[in-house]
Amino acid sequence: MADGRFDDRSAYIAGAARAVLGAEPQEISAPGGKSRSSLRLHFDDRTVIATLRANFRRTHLEAFVLEQLAPHCDDIPRVLGVHNDVLFQSDTGQIRLSEEIIEHAPDDQLELAAEACAAIFRIQAAARKTELHSVLPHLGANRSWIRNFVSSAGALEAYSMGIPDSFDYPAVAEFMEQPGVQFLKWDCRAGNAAIGDDGFVRWFDFEYAGLRHGAEDFAWLIGDETWPIAPDQMADVMIETFDPGCGHEIGAYLEYLSAYTALHCIQRLELIQKEVKNRGWLSQERVRKYDDAGVHPEFAAQLCRTGAYYAAQSRLTAPLCRNFEAAGRAFRAMSEG
């Protein structure tokens, strides 16, 4: 059944490619697995990414965002055309950042991390030269979203003696209420960046683009459970690559990033726990190959290390440090067992 759906989708995309690109591909592969919305089309002289999303609107939003950004930065795919609900874009590279970074020594890893962060800042700077701020949706803008985001801290209770009374839910929620003034790619996990033939890091998958504070994109990268760089080193990378033109003073920016990242790590832990119940633990290799949720105890432990470090950087989230540390011990025990 699944293969049949893949074959039908491939045939549809091949026909769309003929209409837009003037030729049908010689081969169609599925870099993220056959269930994913993006496929790689192989031609004589190049490869192209074709994206067919379940949501027609998101396909066209992604194309619009990429076209608006294109004149101002080279850190994204180029739109090659849209045919009904299929977006064709340039291939940013066949090696995902999540796979490439683990192949390098620590110094080279830090350099790759800096390149990835600098690219995000450049994308956000490019967006400020467009009118995207007047048309994109505001992300996490309603009280219900913020309440759910902050209350996710309760997920750490299972690993410790409860959330400390000093964790002030209303104060944290108020801190998370940020105006939608800065463009966000959203979902900046390392699996959504690739290394091109020219050696540059480029980001792809802009279907959830919107507006918020701006630091959230970096929280997605820092709080990516497959990201191998220690949280304190990522803090140094953020200081090194920080863009003063982002509209925030660096101290305030980093405090918000810290608090947001801590809560984001909890949400990733919740996702991992949900996936474990459905599928059991997976190998680290499979997770990286298919850009899957980090369903491995060591990835969960890494999230706890990151969460504990960043929670400590803000007085609002500091009470959660002991909860992260307790959860980390539990996941390390699973990994070592």
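The values are calculated or read from the model by the stated rules, or taken from the named source; none is laboratory data. Predicted, not measured: the structure shown is a model, and the values here were computed from it. All Cβ positions, glycine included, derive from the backbone under ideal geometry; neighbour counts span all protein chains shown. The area values use the complete protein model at the heavy-atom level, side chains included, leaving out ligands, DNA and RNA. Shrake-Rupley method; radii C 1.70, N 1.55, O 1.52, S 1.80 Å.
Counted as qualifying within the stretch 249-325 are no helices (runs of 4 or more DSSP H), as none has 3 or more residues that are closer than 23 Å to residue 166 by Cβ, open to solvent by less than 40 Å² (accessible area, probe 1.4 Å) and in contact with a strand residue (DSSP E or B) (Cβ under 9 Å, 6 or more places away or on another chain). Flag: residue 38 matches the condition of being open to solvent by 10 Å² or more (accessible area, probe 1.4 Å), of a type in the set (Gly, Ala, Ser), under 20 Å from the mean Cα position of the chain (by Cα) and closer than 23 Å to residue 291 by Cα.
Annotation: of all residues in the stretch 43-58 being in a loop (DSSP other than H, G, I, E, B) and over 14 Å from residue 20 (Cα atoms), the one that is least open to solvent (accessible area, probe 1.4 Å) is 53. In the stretch 142-162, the qualifying residues are those that are among the small types (Gly, Ala, Ser) and surrounded by fewer than 16 Cβ atoms within 10 Å (Cβ to Cβ), and the one that is farthest from residue 178 (Cα to Cα) is 158. Residue pairs whose Cβ atoms lie under 9 Å apart, sitting 6 or more positions apart in sequence or on different chains, and linking a residue in the stretch 188-205 that is in the same structural domain as residue 119 (by the TED database) and free of Cβ contacts under 8 Å to residues at least 12 places away in the same chain to a partner that is not aromatic (Phe, Trp, Tyr) and not in a strand (DSSP E or B), are 198/93. Within the span defined as the stretch 182-200, every residue fails to be of a type in the set (Gly, Ala, Ser), surrounded by 17 or more Cβ atoms within 10 Å (Cβ to Cβ), modelled with pLDDT of 95 or more and within 19 Å of residue 140 (Cβ to Cβ). For the stretch 78-114, which positions are within 30 Å of residue 283 (Cα to Cα) and touching a strand residue (DSSP E or B) at 6+ places or on another chain (Cβ under 6 Å)? Residues satisfying the conditions are 91, 92, 93, 95, 96, 97, 100.
Please verify whether residue 169 is of a type outside the set (S, T, N, Q), at pLDDT 95 or above and more than 23 Å from residue 238 (Cβ to Cβ), treating the condition exactly as stated. Spelling it out, residue 169 is indeed of a type outside the set (S, T, N, Q), at pLDDT 95 or above and more than 23 Å from residue 238 (Cβ to Cβ). On the stretch given as the stretch 62-78, residues that are surrounded by fewer than 19 Cβ atoms within 10 Å (Cβ to Cβ), touching a helix residue (DSSP H, G or I) at 6+ places or on another chain (Cβ under 7 Å) and outside any loop (DSSP other than H, G, I, E, B) total 1. Checking 257, 303, 320, 263 one by one, the residue that is in contact (Cβ under 8 Å) with a residue 40 or more places away in the chain, closer than 24 Å to residue 218 by Cα and touching a Lys or Arg at 6+ places or on another chain (Cβ under 6 Å) is 303 and no other. Checking each residue in the stretch 226-248 for being open to solvent by 50 Å² or more (accessible area, probe 1.4 Å), over 24 Å from residue 335 (Cβ atoms) and acidic (Asp, Glu) picks out 236, 240. Every condition in (1) surrounded by fewer than 16 Cβ atoms within 10 Å (Cβ to Cβ); (2) without any contact (Cβ under 8 Å) to a residue 40 or more places away in the chain; (3) more than 30 Å from residue 133 (Cα to Cα) is met by residue 33 except one, and the failing one is (2).
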